[in-house]
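Visitor: The structure is given below, and queries will be raised subsequently.
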Amino acid sequence: MITISENAYSFLERKALFYSSRNRLPRIILIARSCQGARFAMCFDHAKDGDELINYREINILIDKSILDVYQGFELDVEQFFFAPRLLIKPIYDFRGCDCSTKCNNRGINETS
């Protein structure tokens, strides 16, 4: 369901250790869906009803079960963004299609990447 590169694992491990004292776990969240694909981010949060807990080595990651059902898992990596590392979250199945009603001319297009 989830694969994490060694660089991303090291990045997440440090952050997870910091937030563990506040009983917060890493959570993958959906930011937006568009014709260019879904965009995801990670925050650190408390567990909620409807969450799926994914264990990857020493890190537990939260994700809403409905998001996991749609995107079927994730690949995590990092890239250097200017002077700081940035986490990249790529879904296994990327649903492409707007969730807007008027922003673009491609409404209703469903492609997989």
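Visitor: Starting from the Cα of residue 65, draw a straight line to each of the aspartates and glutamates and keep only those under 20 Å, dropping any in the same chain fewer than 8 residues away.
Guide: Residue 65 reaches 45, 49, 51, 52, 75, 94, 99.
Visitor: Non-local amide H neighbours of residue 37 (under 5 Å, H modeled in plane, Pro and chain starts lacking H): which ones?
Guide: 97
Visitor: Looking at the square roots a ≥ b ≥ c of the eigenvalues of the Cα gyration tensor of region 2-91, which shape do they give, rounded for a/c under 1.5, prolate if a/b is larger than b/c, or oblate? Walk me through the numbers before you get to the answer.
Guide: Working: a/c = 1.63, a/b = 1.05, b/c = 1.56.
Since a/c reaches 1.5 but b/c is at least a/b, the shape of region 2-91 is classed as oblate.
Taken together, the values in this text are just the output of simple stated rules run on the coordinates, not laboratory data. Everything numeric here is computed off the predicted structure, so don't read it as measured data.
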